[in-house]
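Working notes for the structure below.
No lab work stands behind these numbers, since they all come straight from the coordinates. Because the structure is a prediction, the values reported are computed rather than measured. Positions of Cβ are backbone-derived with ideal geometry, glycine not excepted, and every protein chain shown enters the neighbour counts.
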Amino acid sequence: MKINTKEILGGLALLLVLVGTPLVINYFSPWRNHGSTRIINLTAISTQGIWTADKVDGLNIWNSVFKKATIVMHKGEKVILRFTTVDVTHSFYIPELKLGPVFVDAGHLYDVPFTADTTGIFTYYCTSICGHCHFYMQGKFIILDSGQDVSEEELAKINKGIDTTLQFCSTPLNDNLLPKDIILKGKMLFENRNCILCHGKGGKGGVKNTNYAKTTIPELFTLAEKLKIPDKETADSIIQLLRINADFDKLNNNPPFRTYSRFLAQFKSINQKILDGANILQKADSLGPVPPLCMPSWEYYLTQDEINAILAYLINQNKWEL
Amino acid sequence: MKKLKIILFVAIFSLIGCCIGIGLGWTSKKPVRHNFVIKARQYSYDPAVIVVNRGDTLNFKLVSMDVVHGFYLEGYDIDCEIHPNQKTFKLRHPSQGHFWKDTTDFTVIAKGYGKFKYRCSHTCGTMHPFMQGEMIVEPNVPYHASWGGFVGFMIGMISMFYLMIKKKL
Amino acid sequence: MTKKTDNEEHEELVLEPEGFRINLFKKFPLIKKFAKLKGFQFFLILPSLFIFYIIIISGLIGTPLGNRNIAIVVLWILWWFLLIAILVPLLGRTWCAMCPLPWFGDLFQRMSFFKVRTGKTNYLRNKMFGLNLTWPKRLKNIWLPNINFLILCTFSAILVTRPFVSSFVVSMMLIVATVLAVIFRQRAFCSHVCPVSGFIGLYSKTAMLELRSNDKDVCKNCTDKGCLRGNENGWGCPWFEYMGKLDRNNNCGLCMECVKSCPNDNIALNFRPFATETTLKGYDEAWKGFIDVGTSHAYSLIYLGSSGILKDWVNPTQSNNWTGFFTYVIILWLFSLVVVPGIFFLFTSLSHKLANTGRVSRMEAFKAYSYILIPLGLLAWIAFSVPLLLVNGSYIVSVISDPLGWGWNLFGTRDFQWHPVIPEYIGFIQIALLLIGLGYAIYKGFFIGQRLYNSPTAAFRGLIPVAVFSTVIALAFIMLYIG
C-alpha cells in the first residue's frame with residue numbers, strides 16, 4: 001500500500017482526539033493535585049448520610065458504599081477543603097474550629113482554605129437537613145501534633161460512636177408498619193424519626209452540643225417529672241388518655257389528679273415545642289459559634305397521634321422511685 | 001395576492017374563535033384571600049395545582065418534606081429556598097439578585113391570566129429539573145382563546161378548501 | 001351519502017402551489033466545494049466525535065449530578081433541542097452526516113479516511129472490508145428503530161437524569177453500529193436499527209433541504225450509476241439510495257458521496273418549502289408517526305406536568321415503585337402502539353366513508369393520511385422541547401466551563417446560576433408552534449386526500465374527520481401545556 005500523507009494526518013487527528021481527550025481530562029482531575037497545598041475532596045451523599053473523601057463518579061455511585069470521611073491533619077498544615085454534593089444541598093460545619101457552616105448547593109463546588117492551629121478531635125456536622133440520613137451525617141476531624149500519627153485502630157475507636165446507629169438511617173419507615181400499641185409506636189417513631197440521635201437512646205440525653213448554654217441536649221426520659229406527673233399510676237392513666245386520644249382541655253373541669261392544671265400547661269408547652277422546634281439556641285459564649293444541633297420543627301411531619309405516641313413512650317420511660 | 005387572501009380568511013375565523021372562546025370562559029369573581037401551605041417533596045408539590053382568580057390575595061407558606069427545595073414562581077419574581085423541618089424559609093426576588101431574607105410566609109396578588117408554574121430552583125435529586133407545580137389564574141384567557149382559536153382555525157381551513165373546490169377563492 | 005356522478009369524476013383538481021426549489025450548490029458554490037471535498041464527513045464528524053467522546057467519558061467519571069454533567073446537559077438539553085427544532089426541520093438528516101456513532105464502522109469498511117478504494121464488493125465498485133452481508137429482508141423497514149425508540153422512551157427518566165446511563169446508551173449505540181458495520185453492508189445500523197435515525201428520518205421529510213438529481217433524464221441515460229455503485233471518485237451510497245429514483249428524504253444521509261461520484265455533475269442540494277414530501281411507504285413509517293405523537297403526549301404529561309406520582313412511576317430506581325413503572329410501561333406502549341393508531345383509524349375510516357369514491361381501500365386511506373401526524377408530531381416535539389431549553393438552558397452556560405462537574409472554570413462561567421428564560425411566555429410559544437403544526441396537517445391533509453381520491457370534492461369531504469382529528473390532537477397538547 002502506498003503511503004498517503006493525508007491518510008496519516010487523518011489518523012493522527014483521530015488518535016489525538018481518542019487518546020488526547022482522556023489524558024487531558026485525567027490531568028485536570030480534582031483528585032490530582034498540582035499545587036503545593038493539599039486538597040481534601042469531600043463529597044456529600046444524602047442516601048448514605050455521609051461526607052466522603054472517596055472519589056464519587058457517575059459509574060460508582062450506583063453500586064458502591066462509600067466510606068465516611070475522617071479527616072486527619074497536622075498542626076500548622078494548610079489545606080484546601082473542596083466541597084461538592086452529588087444530590088441535594090448539604091452543609092459542612094465544625095463549630096469548635098469556627099469552620100463554616102459552608103452551604104454546599106448541588107452542582108457547585110466550594111473551596112475553603114483552612115489552617116490547622118489547634119490540636120484535638122472535632123466533630124463535623126451537616127446543618128442543612130438533607131434527607132432521612134441527615135442526622136447521621138457527622139464525622140470526625142482530627143488535628144494531630146506535627147510528627148504524630150494515628151493508627152487504624154485508634155481511628156476506628158474514634159469513629160465507633162457515630163457509625164453504630166446507622167441501622168435506623170438505612171430503612172425509612174413505612175407508616176403502615178407502625179405498631180398499634182401506643183408505646184411501641186412511640187418508641188419506633190422516636191428512633192426512626194431520628195429523635196434518638198440527639199436525645200439519646202430511650203431519651204437518656206447527654207449528647208454534647210458545642211457552645212450551647214446547657215452544654216448537652218436535654219434528656220427526655222424524665223419527661224414525666226417535667227410534666228409534673230406525681231406517680232406511676234397517674235402516668236399510666238395519662239398514657240391511657242393519650243391512647244384513646246382524649247380531649248385534655250375538657251378534663252380540666254373535672255381533673256383526674258391534683259396537679260392536673262400544671263400538668264396540662266406543661267404538656268401543651270412541650271407539645272408546642274415539638275411542633276415549632278427551636279431554631280435559635282442560647283449560646284454559652286455569646287461570641288462563640290452557633291450550636292450545631294437544634295430542635296427541628298415537626299409541624300408538618302408528625303401527626304398529633306404520632307406526637308402523642310412519642311410522648312406516651314417518653315412518659316413511660318420514667319424511672320419511678322418505689 | 002391569493003396567498004394573502006387565504007391567510008386573512010383563515011385568520012379571521014381563528015380570531016372569531018378566539019373571541020368566542022374568551023367570552024365563554026370569562027369569569028369575574030370578587031377577590032378573596034387564599035392561604036396556601038405548599039409542601040415540597042421529591043419531586044412534586046402538594047398541592048400540585050392551585051386555581052385562583054385574578055385579583056385574589058395569595059398567602060404562601062412553604063414547607064419541605066424531605067430535602068432542600070426551591071420555589072420559583074414564574075411571572076411573579078419570587079424565588080425561595082425551603083429547608084425541611086423549619087418554620088422559616090428564604091425568599092429572594094430574582095430581579096434584584098441574590099439577596100435572601102428569612103420569612104415565614106409571603107403574599108402576592110394574583111395577576112395575569114392563565115398558567116404560572118412554580119418550579120424547584122435548588123437541585124433536589126435526579127428528577128429535579130422536572131419538579132414543578134402550576135398556579136392557574138382564572139380566567140385562563142390563553143387557554144380559552146386557543147381552544148376557540150384552534151377550532152376556528154380548523155373551520156377556517158375547511159371553509160377555505162370548500163371555497164377552493166367551488167372555485168370561489 | 002351522495003352517489004358519485006360523472007360530473008365528479010371529471011372535476012378539475014385544486015392545484016397545490018408548486019413549491020420553490022433553490023439549488024444551493026449553484027447559488028453558493030462554496031457549499032458545493034465543501035461537499036466535494038474528500039474529507040467532507042471527516043471534518044464534520046471529528047468535532048462531533050470530540051464532543052460525544054467527552055460526553056461518554058464524563059458520564060462515566062464525571063459527577064453523578066445530572067445538571068452539572070455535560071453528558072446530560074449538552075446531550076439532552078442542547079443537542080436534543082438543536083436536533084429536533086433546528087437540524088431536522090431545516091436540514092433534514094444533516095445530523096446523520098456528522099454523527100460520530102457509525103463512523104468507526106465506516107472507517108472499518110473503508111479502511112481509509114479520505115481515499116476511495118476501487119474494487120468489487122457485491123454490486124459496488126468500491127472495495128469494502130467486512131463480511132458485507134445483506135440485511136435480513138424482514139427487517140428492511142423501520143420497525144426495529146420504532147421499537148428501539150420506544151424502549152429508550154420507556155427508560156427516558158433514567159436515561160436523561162443519570163449521566164452514566166446516557167453515556168452507556170451512547171457507547172452501546174457506537175459499539176452496535178460498529179459491529180453491524182463489520183457484519184452487514186454499509187450503514188445497516190443507521191437505516192434499520194438506530195432509534196434516533198428512525199425519528200430523524202421520518203421528520204426529515206418535512207425538512208427544507210433535499211439532495212436530489214438535477215435532471216432525472218440524465219440519470220436514466222447514465223450507465224455509470226456512481227451514486228449507487230460508487231466509483232473512483234466516491235463511495236457507493238451507504239444508505240442504498242439511487243439518485244435517479246430518490247424522491248424522499250427518509251433515507252438520504254446527506255453524506256455527499258454521490259456529489260463526488262456522479263459522473264454527470266447532476267446532483268443538486270435544494271432549498272425547498274417546509275413539509276414538501278407527503279408520501280409514506282408502509283405501516284412502519286405510519287406507526288413511527290403514531291409512536292412519536294403518543295410519546296410526546298406522555299412526555300408532556302410526565303415531564304412538563306405537576307404530578308408526583310407519575311414522576312415516581314417513571315423513576316423506579318429511586319422510588320422503588322416497580323408496580324407503577326410497569327403500569328406506566330403498559331400504558332405508554334398501549335397508548336402509542338394501539339390507542340393513537342386506533343383513534344386515527346376511526347377518523348380515517350370515517351373520512352374514507354365520507355369521501356365515498358370506492359377508488360382506494362380503507363387501509364390505503366389510513367396509510368396515506370397518517371402523514372399529517374408528521375408536521376403535527378414534529379411541531380409538538382418542538383413545543384415539548386422549548387421549555388426544556390428555556391428553563392434549564394442556563395445549565396449549558398455553566399457546564400460549558402465545567403463539563404465534568406469537577407470545578408474547572410474554562411470560560412469563567414462555572415458559577416452561572418440557574419435562571420429560566422421567559423418562563424411565563426413559554427405557553428404562547430407552544431401555542432404558536434402547535435398552530436403551525438395543525439395548519440400544515442390540515443393543509444397537507446386536503447392534498448393527500450385529493451391524491452388519494454383523485455377528486456377535490458371527495459378530498460374535501462374526507463378532510464373533515466382528519467382535520468377534526470388533528471385539532472383534537474393539538475388541543476390535547478394545549479390542555480397539557482396551558483390548561
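In table form, for the structure just shown:
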{"read-out": "Inter-label distance, nm, simple model (7 Å from Cα along the C-beta direction), B:Val51/A:Asp181", "value": "4.9"}
{"read-out": "Over chain C, relative contact order from alpha-carbon pairs under 8 Å, at least 6 apart, %", "value": "19"}
{"read-out": "Karplus 3J(HN,Hα) series, Hz, for segment C:355-368 with 6.51 cos²θ - 1.76 cosθ + 1.60 (x for Gly, Pro)", "value": "5, 6, 9, x, 7, 10, 7, 4, 5, 5, 4, 4, 5, 5"}
{"read-out": "Average beta carbon contacts from partner chains per residue of B:146-157, 10 Å cutoff", "value": "6"}
{"read-out": "Residue order, fewest to most surrounding Cβ atoms within 10 angstrom, among A:Leu15, C:Leu209, A:Leu184", "value": "A:Leu15, A:Leu184, C:Leu209"}
{"read-out": "Cα-Cα over 20 Å, subset of A:Lys140/A:Lys208; A:Lys68/A:Lys140; B:Lys30/B:Lys117", "value": "B:Lys30/B:Lys117"}
{"read-out": "Residue (of C:Ile77, C:Asn67, C:Ala268) at the positive-pole extreme of segment C:23-271, dipole from beta-carbon charges", "value": "C:Ala268"}
{"read-out": "Shielding by partners - mean other protein chain Cβ count within 10 Å, residues of B:110-118", "value": "3"}
{"read-out": "Exposure proxy ranking, count of Cβ atoms within 10 Å, fewest first, for C:Val176, A:Val150", "value": "A:Val150, C:Val176"}
{"read-out": "Under 15 Å from C:Lys444, Cα to Cα: aspartates and glutamates that are on another chain or at least 8 residues apart", "value": "C:Glu16, C:Glu18, C:Glu277"}
{"read-out": "DSSP-defined antiparallel bridges as percent of all bridges, chain A, nearest 5", "value": "70"}
{"read-out": "Amide H partners (placed H, <5 Å) of B:Asn53, local residues excluded", "value": "B:Glu138"}
{"read-out": "Entries in A:Lys157/A:Lys283; A:Lys201/A:Lys226; C:Lys32/C:Lys225; A:Lys180/A:Lys273; B:Lys87/B:Lys111 that, when Cα-Cα distance is taken, lie over 23 Å", "value": "A:Lys157/A:Lys283; A:Lys180/A:Lys273; B:Lys87/B:Lys111"}
{"read-out": "Under 14 Å, Cβ to Cβ, from A:Ser36 - net charge with Lys/Arg +1 and Asp/Glu -1", "value": "+2"}
{"read-out": "Relative contact order of chain A, defined on C-alpha pairs under 8 angstrom at six or more residues apart (%)", "value": "14"}
{"read-out": "Most mobile of B:Asp56, B:Asp102, B:Asp79 in a GNM of chain B (Cα contacts under 10 Å)", "value": "B:Asp102"}
{"read-out": "Order of B:Ile82, C:Ile175 - criterion: other Cβ atoms within 10 Å of each residue's Cβ, fewest first", "value": "C:Ile175, B:Ile82"}
{"read-out": "Backbone HN-Hα couplings from phi across segment A:266-271 [Karplus 6.51/-1.76/1.60, Hz, Gly and Pro as x]", "value": "4, 4, 5, 5, 5, 4"}
{"read-out": "Volume in Å³ per residue [convex hull over Cα atoms, computed for the protein assembly as shown]", "value": "220"}
{"read-out": "For segment C:252-368: rounded, prolate or oblate by the Cα gyration tensor [a/c cutoff 1.5]", "value": "oblate"}
{"read-out": "Helix A:152-163 vs. chain A, principal-axis angle (Cα, 0 to 90°, nearest 10)", "value": "50"}
{"read-out": "Equivalent ellipsoid semi-axes - Cα gyration tensor, chain C, angstrom", "value": "35, 33, 20"}
{"read-out": "Computed label-point distance, nm, for sites B:Thr27 and A:His34 using a 7 Å Cα→Cβ extension", "value": "6.2"}
{"read-out": "Positive-pole candidate from A:Asn26, A:Ile94, A:Phe83, dipole of segment A:1-147, charges at beta carbon", "value": "A:Asn26"}
{"read-out": "Angle between chain A longest axis and helix A:304-316 axis [Cα atoms, degrees, rounded to 10]", "value": "70"}
{"read-out": "Charged-residue dipole, Cβ positions (Lys, Arg, Asp, Glu), the protein assembly as shown about Cα centre, Debye nearest 20", "value": "3040"}
{"read-out": "HN-Hα J in Hz across segment C:434-439 - Karplus 6.51, -1.76, 1.60, θ = phi - 60°, x for Gly and Pro", "value": "5, 5, 4, x, 5, x"}
{"read-out": "Long-range HN-HN contacts of C:Asn23 with modeled amide H, under 5 Å", "value": "C:Phe271"}
{"read-out": "GluC sites (Glu not before Pro), loop per DSSP, at most 16 other Cβ atoms within 10 Å - longest free stretch of chain C", "value": "C:233-483"}
{"read-out": "Cβ charges +1 (Lys, Arg) and -1 (Asp, Glu), total dipole of chain C, debye", "value": "1520"}
{"read-out": "Long-range HN-HN contacts of B:Thr126 with modeled amide H, under 5 Å", "value": "none"}
{"read-out": "R0 of 22 Å, Cβ-Cβ distance C:Leu90-C:Thr279: FRET efficiency to nearest 0.05", "value": "0.60"}
{"read-out": "Compactness of segment C:23-271 as Cα Rg over 2.2 N^0.38 Å, two decimals", "value": "1.01"}
{"read-out": "Partner chain coverage, peptide B:67-73 - average Cβ within 10 angstrom", "value": "5"}
{"read-out": "FRET E, pair C:Ile330, C:Thr134, Förster distance 45 Å, beta-carbon r, rounded to 0.05", "value": "0.80"}
{"read-out": "Rel. contact order, % - alpha carbon contacts under 8 angstrom, at least six apart, segment C:36-108", "value": "39"}
